[in-house]
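Inspection log for the structure reproduced underneath, given as structure tokens.
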Amino acid sequence: MKLISSGDRIKSIRSSRQYKDWRKKVFEKNGKKCLFCGSKEKLEVDHIKPLALYPNEALEIKNGRVLCKKCHKKTDTWGVFSSYKDKSNIHPVLRGDLFFKLQSLPQMIEIKDKEIGFSLKYVPSLKKWRAGYKFANINLTKYGDTFEDAIDEIFIRLKYSK
Ligand SMILES: [Zn+2]
């Protein structure tokens, strides 16, 4: 099993042609102005669900919105996972222990030549959160009553399985 760091995973998504297409389509959908303040300067395309937490939804058009740089920085998920100059910018639920755990979890694992991205999902039929890596018959996931619990479980599983 090969582990790909979250930083490398994000870099590879951001440099892909599909990502450039995604940005273009989000601009087409939203128009070339900030969704919050209407500014037309320094526009950026933001992932509503942070790229670092939801890499599988990185290229979904409905997961993108256009914001100006100022408004983008004010969002509570801005820069999740990037190195922080100002730690107070970290999303409250990601501070401390949970933030450390999420940062340590690989965003991508490679098993039998298959690349599987990290996913965090609520499973309504079980009323539980599922965190981990799942593709076809490969299932490396853990459940929890809250997403914090699910992240805890998969973190422990991976940490002690090496
Ligand atoms: Zn704005």
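Throughout, read-outs are computed from the coordinates displayed, never taken from laboratory work. What you are looking at is a predicted structure, and each value in this text was computed from that prediction instead of being measured. Note: ideal-geometry Cβ built from the backbone for every residue, glycine included; neighbour counts use all protein chains shown.
For a quick check of your reading of the filter: which chymotrypsin sites (Phe, Trp or Tyr not before Pro) in segment 111-161 sit in a DSSP loop and have no more than 11 other Cβ atoms within 10 Å?
160
Using the Kirkwood radius built from alpha carbon pairs, what does the Stokes-Einstein equation give as D for segment 96-159 at 37 °C and 0.692 mPa s, in µm² per second?
276
When only DSSP loop residues count, what trypsin sites (Lys or Arg not before Pro) in segment 11-46 have their Cβ near at most 12 other Cβ atoms within 10 Å?
32, 40, 42
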